[in-house]
Amino acid sequence: MSDLLLRKDEVMDEARQGKSPYHVAHRLVAVGSMLIASTLLLLGCASRTDCPACEPPQVPMACPEAPPLTAEAMRDVLTFTLRRDAEPPQLLFLSGGGWRGAWGAGILNGWTLSGERPEFQIVTGVSTGALMSTFAFLGPDYDATLQRLYTQLEDKDIFRNRFILSLPFSSSLKNTAPLRALIARHLTDAVIRRVADQRHRALLVGTVNLDTSEFTVWDLTKMAREAERDPRCFEKYRRVVQASASIPVLFPPVDLDGALHADGGTRQNVFAETAVPQLRRRFLSIMPPDTEPVTPTAYVIVNGKLVAEKQCVDDRVLKIGVRSIDLLTTEVLIGNLLRLEDVLEAGGSSTGEPWAFRLSRIPEDYCLASDPRRFIDTEAMKQLFKRGVEWGKTRPWASDIPDNIAVSPLPCQCNAPLDN
């Protein structure tokens, strides 16, 4: 490669010496073609050599005492978390939603201001919900961190654009080194140690194993506790959070023990339906029917709407593809919520009554207009955070999934005023 760059310099010297323009142009094209071919050849050498889905992984497991949770391991976590002498469990489920996580961050800040925010026994998150989950789990001391993350970030804080010639051989459209650095700045070893100090509580995050297609559950509280014995667990904790927020194609997947993991929202936009059935069974096993009535409460914060915004879609393959994915993810979210509602209504309290279901979502009449040239519109994010704070102060929770929302009531490509 260095030889090719030297040749390029030689050609430019020839141009300055008055060589024929045709001669110079021909040499430049030849050298340029060789540069491109060399670049593509080097990039092509970086593909994976093994796949854990098809053969035993060759990569040693980092933080081996905190592997992905199996069904049996999930029961053990719940046994440790739910206690007979505890207050009625308060559960918090944080959905995906990208920059719209400003809604959930605002709610948590407003909830604190109301003086009525509970301590949650179990917190789960996927995607942007995974990014905020640690701070939601640790409580009001980290409200200011959530506010900074969801009112001040810009695209440059999350990704860098890749060199266009590398795209055919890359794992994503963007380079997320800035996101990795952002997570490291906020999920420090000290913060992770605070997670480890929380007893009889659980912080769970979901990713999708792209190799096996499984929705994978990680116990971050267990990982945080193991970090005192195995310092590799600190970095594994951060990598799991990054993986859960890595939108496929746009962001690169994260290698966790030899397998590629990506955004948990690919399978479950609200990580609840995996956990709640086992929660219910475990809760009933420790709360006999003759005890005083106790009803757990499941709070679900959806960082988005239950309906896709109207928009005039360009008749171009990329725009149609993006719009289709938007519609599919909305339907996945609704399906997750409906299944969760069915489980909660099946009778999981100590009296056989349904668990309390509390749902928050961005109102259908709130316009989510943002700058289409940006992944994160900071001004739109600030306004959504502000709206979330106001909602969190009063918390008009819905107790069921609305069944009368099919089309957004807002006009096509609405323009939200700044004081919306």
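With a requirement of 3 or more residues that are modelled with pLDDT of 75 or more and buried (at least 18 other Cβ atoms within 10 Å of the Cβ), the strands (runs of 3 or more DSSP E) lying completely within the range 248-352 that satisfy it span 259-263, 297-301. If I ask for residues that are part of a helix (DSSP H, G or I) and either small (Gly, Ala, Ser) or without any contact (Cβ under 8 Å) to a residue 24 or more places away in the chain (or both), which ones from the range 60-82 would you list? The answer is Ala71, Glu72, Ala73, Asp76. Across the range 217-247, which residue is farthest from the chain's Cα centre (by Cα) among those that are part of a loop (DSSP other than H, G, I, E, B) and more than 30 Å from Ile325 (Cβ to Cβ)? Result: Arg229. The numbered conditions (1) at pLDDT 95 or above; (2) surrounded by fewer than 24 Cβ atoms within 10 Å (Cβ to Cβ) are all true for Gly98 except (1). Filtering the range 150-176 to residues that are open to solvent by 20 Å² or more (accessible area, probe 1.4 Å) and in a helix (DSSP H, G or I) leaves Asp155, Lys156, Asp157, Ile164, Leu165, Leu167, Pro168, Phe169. From the list Ser408, Ser360, the lone residue that is hydroxyl-bearing (Ser, Thr, Tyr), under 23 Å from the mean Cα position of the chain (by Cα) and surrounded by 16 or more Cβ atoms within 10 Å (Cβ to Cβ) is Ser360. Given the criteria open to solvent by 30 Å² or more (accessible area, probe 1.4 Å), at pLDDT 95 or above and more than 29 Å from Glu379 (Cα to Cα), does Ala224 qualify? Judged against the criteria, Ala224 is not a match.
In this structure, does Phe385 turn out to be modelled with pLDDT of 80 or more, under 15 Å from Thr151 (Cα atoms) and part of a loop (DSSP other than H, G, I, E, B)? So that I can check it myself, show each step before the final result.
Numbers: modelled with pLDDT of 80 or more: yes; under 15 Å from Thr151 (Cα atoms): yes; part of a loop (DSSP other than H, G, I, E, B): no.
No.
May I ask you to say which residue of Asp371, Asp377 is in contact (Cβ under 8 Å) with a residue 60 or more places away in the chain and of a type outside the set (Val, Ile, Thr)? Testing whether each residue is in contact (Cβ under 8 Å) with a residue 60 or more places away in the chain and of a type outside the set (Val, Ile, Thr) leaves just Asp377.
The values are calculated or read from the model by the stated rules, or taken from the named source; none is laboratory data. Predicted model only: the values in this text are computed from it and were never measured. Counting neighbours? That spans all protein chains shown, and the Cβs are built from the backbone with ideal geometry, glycine included. Note: accessible area is taken over every heavy atom of the protein model, side chains too, but ligands, DNA and RNA are not part of it. Shrake-Rupley method; radii C 1.70, N 1.55, O 1.52, S 1.80 Å.
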